[in-house]
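Here the structure comes first, spelled out in structure tokens, and everything after it is commentary.
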Amino acid sequence: MREAEARGLVTLMTGLIKSYGPPKAPKVPSPLRAAPQLSDIFKSDFNSQPIADWAEGVFTQIKFDLGMENWPVTLKNGSGAPTSHRNIAPKSPAQYSLIQPYYESRAPGATMEFDPERCHIPGYFAVASILTLSEIKWRASGGAKLTSAQEAIMTLTSAAYSGQGFLLLPLKRRVRNHLASQTSHSPLNKAKVQNTLLFTACLGLRALNRSPEQIIAAYGCLVSPKVRQKIRLTCQQIDGFEAELDLLQKLSAPRRQSPLGMRHANVA
């Protein structure tokens, strides 16, 4: 990845960490069973649940996996684009947040519309849910007006920040198609989607002080052998931003609570 693009991703990740605290580490797959894939999530013909109940159950789990279980985001049957209200983040500050990005929302929340007719497609609903929630998360933290390509990159960075980068990588084509459906043209090609997800997924874990060896051992099974070979090189590029990475690791380091057990967010 070009240095300017990589530096831009580091800046985006820094903003998310300042807003919401340390990045979320993905679940480490069990070595005793096949690694979970987003393509495993679909509404089977053998599943007799009503589609609304099935979707709600999956959506609730995905919100929890992204650390957004308390966010007022709901589902609605339909094929339209999701509504993404700003300022809907929970009012309680993140445990290690250095600034207070939370707003008292006057809006009822956000709604994700999904197409029930496509829920039989492996990974469709999971990818749409993850990317929609990731978009809502970064929009809730504020920021300047962006181009469609910049918005897509920000959504991918937010997804990786929430621990979903390695899970999304095998479905980069579906990720690209979802991002393209949100605008009048395709903002990113497949290579750009893959490079952005891989870099930001590794960046979030390096911010948590995971070594390249630990990243490969824990999450290499989630991606193809070709992508797995790029993890070490990606981490080497990230480690080249010494000052920036040092800041990310300091921002992500656990902090001691005050004697009274109170948690406060400092104003940057």
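The values are calculated or read from the model by the stated rules, or taken from the named source; none is laboratory data. In this text, all values refer to a predicted model and were calculated from it rather than measured experimentally. Reconstructed Cβ throughout: ideal geometry from the backbone, glycine too, with neighbour counts over all protein chains shown. What goes into the accessible areas is simple: the full protein's heavy atoms, side chains included, and nothing from ligands, DNA or RNA. Shrake-Rupley method; radii C 1.70, N 1.55, O 1.52, S 1.80 Å.
Structure summary
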{"read-out": "Qualifying residues in segment 48-95 (those that are more than 27 Å from Ile121 (Cβ to Cβ) and at pLDDT 55 or above) - the one surrounded by the most Cβ atoms within 10 Å (Cβ to Cβ)", "value": "Ala89"}
{"read-out": "Selection within segment 1-23 - under 12 Å from the mean Cα position of the chain (by Cα) and surrounded by fewer than 18 Cβ atoms within 10 Å (Cβ to Cβ)", "value": "none"}
{"read-out": "Looking only at segment 209-223, and only at residues there that are under 20 Å from the mean Cα position of the chain (by Cα) and small (Gly, Ala, Ser), the one that is most open to solvent (accessible area, probe 1.4 Å)", "value": "Ala218"}
{"read-out": "Some residue of segment 111-128 being surrounded by 23 or more Cβ atoms within 10 Å (Cβ to Cβ) and under 20 Å from Met13 (Cβ atoms)", "value": "no"}
{"read-out": "Wholly enclosed helices (runs of 4 or more DSSP H) of segment 124-224 bearing at least 2 residues within 23 Å of Leu247 (Cα to Cα)", "value": "124-140, 148-161, 190-207, 212-219"}
